[in-house]
Amino acid sequence: QVKWKGKDLFDLVCRTLGLRETWFFGLQYTIKDTVAWLKMDKKVLDHDVPTEEPKTFHFLAKFYPENAEEELVQEITQHLFFLQVKKQILDEKIFCPPEASVLLASYAVQAKYGDYDPNVHKRGFLAQEELLPKRVINLYQMTPEMWEERITAWYAEHRGRARDEAEMEYLKIAQDLEMYGVNYFAIRNKKGTELLLGVDALGLHIYDPDNRLTPKISFPWNEIRNISYSDKEFTIKPLDKKIDVFKFNSSKLRVNKLILQLCIGNHDLFMRRRKADSLEVQQMKAQAREEKARKQMERQRLAREKQMREEAERTRDELERRLMQLKEEATMANEALMRSEETADLLAEKAQITEEEAKLLAQKAAEAEQEMQRIKATAIRTEEEKRLMEQKVLEAEMLALKMAEESERRAKEADQLKQDLQEARESERRAKQKLLEIT
């Protein structure tokens, strides 16, 4: 609304997000290439906000905690810091070494995807993710697949961490980086030397413009007696009067106001941390502990359910495998039974043919015997006829003997076939019995 002050708009955003740790955040806007923060006690439209519609403000962390794990109570606060710090690292506003970049990327993946599952998170699943600063990627001759493999190796180690735990681990690593939470401003000292002023949760730091990692001199908040500025000149008065007063100039009045805002806000939070928690913070921490315990119990319950479901699935798979095995055994037994039946039928048919052949041979042998007797009875008395008769008798005897041997062989073969038939039927009976057991 037109009459709203900065606090009205800011409170609306905080209520929408469900955020109670409001003292870390602010609404930022850009005017004439300079960053500015919305003042809480001033009407929104009275600020030098851009004239275009709609007016854009960025809800960002203005002040950073000294120790994220101890100070950030709400999960939403942790999440907002995680998103902002991750973007600053990817945009290279915070310098991060390669190894730390890979480790941070693995925690970011854990926060987004949950536990690593090789069946789900297959090669290429991070292809569209922005996880590493371009400086780190360009530093090594490695393909995206090789980077993904390195990140995934770390990612697999984070199993069991929930999203809020992974994000907190990310912040615990990031807060040890030299440029974490530092706001830099171009300044000049009394001699006109160009320097950088860094303002963060611990104090003020003076840097060489070419080195934002290691300050040349630092002024911790508890060692600063007073900070003042007149026009464009800032004065830092140390608590120890033996230390020289440090004076510097900045380029614009708007920048001076921003530096003063950040100094006051960071110093207030520095002092606040060293006092007992307010009733509101104590209440928030108690609620956070209860919520954390509830989530822990919920995760344990889900883990138990998942384990039971996996065991049930394993049992089901084992039963299905056993059923398939029994079906295969039943099919094999059925095929064996069919083969046994076919073999028994063939043996029975062959035995019948052999038996008939044996009967026919026996009949022929009997006929030959009768023919021999007839020849003997009607033998011719002459020597020649007798000789011929003896020869015929001998041939008839040989034929009869041969017929008898063949008949005996066929009879044995018929007995053997009967025995084979009996064994085939016994095999058929066993196959039927096994099929019955299986079914």
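The values are calculated or read from the model by the stated rules, or taken from the named source; none is laboratory data. Just so you know, these numbers come straight off a predicted model, no measurement behind them. For neighbour counting, all protein chains shown are included, and Cβ atoms are generated from backbone atoms with ideal geometry for every residue, glycine included. Surface accessibility is based on the protein's heavy atoms, side chains included, excluding ligands, DNA and RNA. Shrake-Rupley method; radii C 1.70, N 1.55, O 1.52, S 1.80 Å.
What does the charge dipole of the stretch 6-175 about its Cα centre add up to, to the nearest 20 debye, if the Cβ of each Lys and Arg holds +1 and the Cβ of each Asp and Glu holds -1? Don't skip to the end; give the middle numbers.
Working: 22 positive and 29 negative charges, 61 e Å.
The dipole of the stretch 6-175 has a size of about 300 debye.
Through the Karplus equation 6.51 cos²θ - 1.76 cosθ + 1.60, θ set to phi - 60°, convert the phi angles of the stretch 110-115 into ³J(HN,Hα) values in whole Hz; use x for Gly and Pro.
The phi angles translate into 4, 5, 8, 9, x, 4 Hz.
Which residue fluctuates most in the GNM of the chain (Cα springs below 10 Å): V73, V393, V102?
Greatest mean-square fluctuation among the candidates belongs to V393.
Sorted by packing (mean other beta-carbon atoms within 10 Å per residue), highest first, where do 145-157, 285-297 land? It would help to have the intermediate numbers written out before the result.
Numbers: 145-157: 16.5, 285-297: 12.2.
Averaged packing, sorted descending, gives the order 145-157, 285-297.
Over the chain, what percent of the accessible surface lies on carbon and sulfur atoms, probe 1.4 Å?
On the way: 14630 of 28240 Å².
Its accessible area is 52 percent carbon and sulfur atoms.
What FRET efficiency comes out for E369 versus Q391 if R0 is 22 angstrom and r is the Cβ-Cβ distance? Round to the nearest 0.05.
Working: r = 18 Å, r/R0 = 0.80.
Taking R0 as 22 Å, the efficiency between E369 and Q391 is 0.80.
Please state the charge dipole magnitude for the chain, taken about the Cα centre, from unit charges on C-beta atoms (+1 on K and R, -1 on D and E), reported in debye and rounded to the nearest 20. It would help to have the intermediate numbers written out before the result.
On the way: 77 positive and 82 negative charges, 848 e Å.
Computed about the Cα centre, the dipole is about 4080 debye.
Each label point is 7 Å from the Cα along the Cα-to-Cβ direction; what then is the distance between the points at K43 and Q296, in nm?
For the pair K43/Q296, the computed spacing is 5.2 nm.
Compute the relative contact order of the chain as a whole-number percentage, counting only Cα pairs closer than 8 Å that sit 6 or more residues apart in sequence. Don't skip to the answer; put the middle values down first.
Details: 475 pairs, mean separation 45.6, N = 439.
Computed value for the chain: 10 percent relative contact order.
Run the numbers for Q282 and E233: contour at 0.36 nm per residue of separation, minus the present Cα-Cα distance, in nm. Before the final figure, lay out the partial values.
On the way: separation 49, 0.36 × 49 = 17.64 nm, distance 4.07 nm.
Full extension of this stretch gives 13.6 nm more.
Calculate one ³J(HN,Hα) per residue across the stretch 262-272 by plugging θ = phi - 60° into the Karplus curve 6.51 cos²θ - 1.76 cosθ + 1.60, and present them in order as whole Hz with x for glycine and proline.
In residue order, the calculated couplings are 5, 5, 5, x, 5, 5, 4, 5, 4, 6, 4 Hz.
Among H158, Y140, N249, pick out the residue whose Cα is farthest towards the positive end of the charge dipole of the chain, where Lys and Arg carry +1 and Asp and Glu carry -1 on C-beta, about the Cα centre.
Of the candidates, N249 comes out farthest on the positive side.
Say the dipole of the stretch 282-438 comes from +1 at the beta carbon of Lys and Arg and -1 at that of Asp and Glu; which of Q282, L326, Q422 then lies farthest toward its positive end?
Checking the options against the dipole of the stretch 282-438, the answer is Q282.
Sort 403-410, 109-116 for me by packing, meaning the mean count of neighbouring Cβ atoms within 10 Å per residue, highest on top. Write out the running numbers ahead of the final one.
Values: 403-410: 16.2, 109-116: 18.8.
Listed from highest to lowest mean packing, they are 109-116, 403-410.
So what's the net charge close to K134: Lys and Arg +1, Asp and Glu -1, counting the other residues with Cβ under 12 Å from its Cβ? Don't skip to the end; give the middle numbers.
Values: positive: R135; negative: D91, E92, E130.
Once all neighbours under 12 Å are counted, the net charge is -2.
What number, in percent, do you get for the relative contact order of the stretch 31-152 if the mean sequence gap of Cα pairs under 8 Å and at least 6 apart is divided by its residue count? Before the final figure, lay out each step's value.
Details: 48 pairs, mean separation 26.8, N = 122.
Relative contact order for the stretch 31-152 comes out at 22 percent.
So if each residue of separation counts as 0.36 nm, and I subtract the Cα-Cα distance between E157 and E99, what length gain in nm does that give?
Numbers: separation 58, 0.36 × 58 = 20.88 nm, distance 1.53 nm.
Extra length from E157 to E99 when fully extended: 19.3 nm.
Sorted by mean Cβ packing within 10 Å, highest first, what order do the peptides 117-125, 255-263, 91-99 take? Present the calculation step by step, with values, prior to reporting the outcome.
Working: 117-125: 10.6, 255-263: 18.1, 91-99: 14.9.
Ranked from most to least packed, the peptides come out as 255-263, 91-99, 117-125.
Simple spin-label model, 7 Å along Cα-to-Cβ: Q28 to R274 in nm?
Label-label distance for Q28 and R274, simple model: 2.8 nm.
Averaging over every viewing direction, what projected area does the convex hull of the Cα atoms of the chain cover, in nm²?
Details: hull surface 176.0 nm².
Approximately 44.0 nm², given one-decimal rounding.
Pull out a ≥ b ≥ c, the square roots of the eigenvalues of the alpha-carbon gyration tensor of the stretch 183-275, then state rounded if a/c is under 1.5, prolate if not and a/b is larger than b/c, and oblate in the remaining case.
Values: a/c = 1.38, a/b = 1.35, b/c = 1.03.
Note, shape of the stretch 183-275 comes out rounded.
Could you work out which residue, out of M40, M142, M338, moves most in a Gaussian network model of the chain, that is, has the largest mean-square fluctuation with Cα springs under 10 Å?
Greatest mean-square fluctuation among the candidates belongs to M338.
About the Cα centre of the stretch 180-243, what is the dipole size in debye to 20, counting +1 per Lys and Arg Cβ and -1 per Asp and Glu Cβ, all else neutral? Before the final figure, lay out the partial values.
Working: 10 positive and 8 negative charges, 56 e Å.
My answer is approximately 280 debye.
What full-extension length gain, to one decimal in nm, is calculated for E342 and T378 as 0.36 nm per residue of separation minus the Cα-Cα distance? Don't jump to the answer; show the numbers that get you there.
Details: separation 36, 0.36 × 36 = 12.96 nm, distance 5.40 nm.
Length gained between E342 and T378: 7.6 nm.
Heavy-atom accessible area per residue, the chain, 1.4 Å probe: how many Å²? Show your work: numbers first, answer last.
Numbers: 28240 Å² over 439 residues.
Roughly 64 Å² per residue, with all protein chains present.
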